[in-house]
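**Student:** The structure is given below, and queries will be raised subsequently.
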């Protein structure tokens, strides 16, 4: 059973406090636009554990390929990508993106 969602006021108050704590206005200016390859599906997901932004990426597949994988119980390869703007999740001493875009294509390749 899921919990009751926060009221609009509670959601705004918590979001505003987190935005201030993590300086979201700064990141709004610093995060560049990203031109994703056309064969990627990108899902925006809520950040957690100190990430500024987070999303999941998988390759587009034909309906036939999707059905075959489902029939054979083969999981869809998916990559989690996040921006750790304050070195909370790793120890690099500077903002860090979990996967560089050039590496994502390699990680999503089919065997």
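The values are calculated or read from the model by the stated rules, or taken from the named source; none is laboratory data. Computed from a prediction, not measured in an experiment: that's the story for all the values here. Cβ sites come from the backbone with ideal geometry, for glycine too, and all protein chains shown count toward neighbours.
**Student:** Residues that are out of contact with any strand residue (DSSP E or B) (no Cβ under 6 Å at 6 or more places or on another chain), over 24 Å from residue 88 (Cβ atoms) and surrounded by 12 or more Cβ atoms within 10 Å (Cβ to Cβ): does region 44-53 have at least one?
**Tutor:** Within region 44-53, not a single residue is out of contact with any strand residue (DSSP E or B) (no Cβ under 6 Å at 6 or more places or on another chain), over 24 Å from residue 88 (Cβ atoms) and surrounded by 12 or more Cβ atoms within 10 Å (Cβ to Cβ).
**Student:** For residue 61, work out the one condition from (1) part of a loop (DSSP other than H, G, I, E, B); (2) out of contact with any helix residue (DSSP H, G or I) (no Cβ under 9 Å at 6 or more places or on another chain); (3) at pLDDT below 85 it doesn't fulfil.
**Tutor:** Residue 61 satisfies all of (1) part of a loop (DSSP other than H, G, I, E, B); (2) out of contact with any helix residue (DSSP H, G or I) (no Cβ under 9 Å at 6 or more places or on another chain); (3) at pLDDT below 85 except (2).
**Student:** So how many residues does region 69-111 have that are modelled with pLDDT of 75 or more, closer than 21 Å to residue 52 by Cβ and not in a loop (DSSP other than H, G, I, E, B)?
**Tutor:** Going through region 69-111 one residue at a time, the tally reaches 6.
**Student:** Answer yes if at least one residue in region 25-44 is part of a helix (DSSP H, G or I) and touching a helix residue (DSSP H, G or I) at 6+ places or on another chain (Cβ under 9 Å), and no otherwise.
**Tutor:** yes
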